[in-house]
Amino acid sequence: MSMRHVAQGGVALLALLVLGMAGFGAWLLALPRDTGNGTPAAVTPAETRAILGGLAPRGAGHGRPIVAVVGINDATEVTDYLTPTGILRRADIADVVLLATEPGPVKLYPVLTVEPDATLAEFDARAPEGADYVIVPAMSRDDDPAVLAWLRSQAGKGATIVAVCAGAKVVAAAGLLEGRRATTHWYYLDELLEREPSIRHVPDRRLVVDRGVATTTGITASLPAMLGLVEAIGGRDKARRVADELGVDSGDGSHDSAAFGLTREFATTVLSNRLAFWNRETVGVELRPGIDEVSLALLADAWSRTYRSSVDTFSASAGTVVSRNGVRIVAGREAAASTSGASRPDRLLVRPGPTPTSTLDDTLASIGMRYGDRTAQLVAMQLEYPRQRALP
C-alpha cells in the first residue's frame, strides 16, 4: 500500500471521527438541560380503594396467599428481586418464594448473587393451582421463553401479576398489558409504548393496577408498591407497622413523573465519570448473617451506578449468608476473608443503615460528598428515587 493510500485512509478516519463527534454533540445539545418539576395530583380515597381492591387476595377460604418472585439466572435486577421478598416476608402475610428459570444461583445486576428457593418447574409441581401473586423484576432479557410462558400460565390460573420497574417490558412481551393502564421506569417508557401501543400510560403514579396486572415506576417504587400489597392482604395497621420499620413515608402514592428523564447533565455526568477510568474504586460490603436484604440491595445498587465505583462483597466465612428474611446470598470472590479484609487500603467499606430508607439517603449523601452532587443526582435518577432533601 502506498503512502498516498495510507494518508487518504487517515484522512477518511479523521473525517469519520469528526462526524461522529459532531453527531454526538448535536444529540447532547438536543437533550433538555433539566427535567423540571410537575405538580402531580394527590391520590384520591376512591383511587386508593380501587388500587387495594385490585390487589386484594382471591377470597375467603383460599388460604394463606402465595407470592412468587420470578427471575432469570443470568441477570435479574437486584432491588427488584430482593425488595419485594424482604418486605413481604417481614410483613409475614404470605408465603414468598424466590424462583429461577433454571437450577443454580441467580446472578443479580448490577451486583450480588442469591440462591433461589425453586425453579419454575419445581414450583409448578408443588403448587399446581398457581401463585396468588407473581412479582416480575426487570431482567436483562425481556423475551425469555420460559418466563413468558410461565407468566401466561400463572395469569390464566388467576394470579395477580405485579411488574416492578422495567419488569413491565417482560409482562408486555407476555401479552399481559394489552389495552391496560400501566407505567414503568422513565428510561424504558417510550420503548414499552412502542412495543405495545395499546397501553395507556398513567403518569404521576408510582403504582398502577388494572385488571389483574400491576406496574410500578422505577426501581425504588418497589417499596411503596409492596406496602400497598401488604395493606391489600394484611390491612392498614399492618402496612403502617411495616412502613415504620422500613423508614418509609407511604405518602399518597403520587409521583412527579416530570422530574425524571434523560437530561444533558445526566448524559455528561455519565460520560465524564466513564472517561475518568484511572480514578475508580471498589466499594466493599460485608455480608453478615441476618443482614437486611432490602437495605443491602439499595446500598449495593446505588454504589454500582456511579460510573466511578464497583461493589465487592465479602464474608467472614465461606459459602452463603442467610439474610434477615431467609434469602441465601452468595458471598463474592473473597468469601473466606476474615474481617481484616475489610480494612484493605484499596477498598472503601460501607455498611447498611438502620432502615432501608436511611440506608439509601445516607448512601446518596456519601456519593455526593465523594464524587459530587451531579453523580448523586445521576444515581437517584437511575433509581427513580424522589429525594426529600438536597444533598451537601
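Packing-based ranking of 37-43, 374-380, 296-302 yields 296-302, 374-380, 37-43, ordered from highest to lowest mean Cβ neighbour count within 10 Å. Note: relative contact order over the range 178-306, using C-alpha pairs below 8 Å and six or more positions apart, is 20 percent.
Given a 1.4 Å probe and every protein chain left where it sits, what share in percent of the accessible area of the chain is carbon and sulfur? Summing carbon and sulfur atoms, their accessible area is 56 percent of the total for the chain.
With R₀ set to 22 Å, the beta-carbon distance separating D237 from R324 gives a calculated FRET efficiency near 0.50.
Ligands, DNA and RNA excluded, the heavy atoms of T44 present near 70 Å² of accessible surface to a 1.4 Å solvent probe. When M226, M381 are compared by accessible surface with a 1.4 Å probe, the order from highest to lowest is M381, M226.
GNM on the chain, alpha-carbon springs under 10 angstrom: the most fluctuating residue among G63, G130, G326 is G63. Once you have a ≥ b ≥ c as the square roots of the Cα gyration tensor eigenvalues for the range 178-267, tell me rounded if a/c is under 1.5, and otherwise prolate or oblate according to whether a/b is larger than b/c. Verdict is oblate for the range 178-267. Give the shape of the range 218-312 as rounded, prolate or oblate, defined through the alpha-carbon gyration tensor: a ≥ b ≥ c are the square roots of its eigenvalues, a/c under 1.5 means rounded, and otherwise the shape is prolate if a/b is larger than b/c and oblate if not. In terms of gyration-tensor shape, oblate.
Can you return the lysines within cross-link range of K157? Criterion is Cα-Cα under 22 Å, with same-chain partners fewer than 8 residues away left out. Once the sequence-local lysines are set aside, what remains near K157 is K169. The alpha carbons of the chain stretch over 84, 55, 46 Å along the principal axes, in descending order. Note on the range 177-315: antiparallel DSSP beta bridges, both residues inside, total approximately 40 percent of the bridges counted. Build a GNM of the chain with springs between Cα atoms under 10 Å: which of L223, L108, L271 gets the top mean-square fluctuation? So, out of L223, L108, L271, the one fluctuating most is L271. For the chain, averaging the sequence separation of C-alpha pairs within contact (under 8 Å, six or more residues apart) and dividing by the residue count gives a relative contact order of 17 percent. With every protein chain in place and a 1.4 angstrom probe, the accessible-area ranking of E77, E47, largest first, reads E47, E77. For K238, the solvent-accessible surface with a 1.4 Å probe is about 50 Å², rounded to the nearest 10.
Multiplying the residue separation of D252 and R152 by 0.36 nm and removing their Cα-Cα distance gives an extension gain of 32.9 nm. Per residue, the range 256-325 exposes 39 Å² of solvent-accessible protein surface, assessed with a 1.4 angstrom probe and all protein chains in place. Spatial offset of the range 118-180 relative to the range 253-314 amounts to 28 Å, using the alpha carbon center of each.
Antiparallel beta bridges, as assigned by DSSP with both residues in the chain, represent about 30 percent of the total such bridges. Judged by the gyration tensor of its Cα atoms, with axes a ≥ b ≥ c, the range 29-154 is oblate; a/c meets the 1.5 cut and b/c is at least as large as a/b. Packing here is the average count of other Cβ atoms within 10 Å per residue, and on that basis the peptides 167-176, 78-87, highest first, run 78-87, 167-176. Solvent exposure of D237, expressed as accessible area, is near 100 Å², computed with a probe of 1.4 Å over the protein chains only.
The values are calculated or read from the model by the stated rules, or taken from the named source; none is laboratory data. Predicted model, so just to flag it, every value in this text is computed and none were measured. Using ideal geometry, Cβ is built from the backbone for each residue, glycine included, and neighbour counts are taken over all protein chains shown. The accessibility values were calculated without ligands, DNA or RNA, using every heavy atom of the protein model including side chains. Shrake-Rupley method; radii C 1.70, N 1.55, O 1.52, S 1.80 Å.
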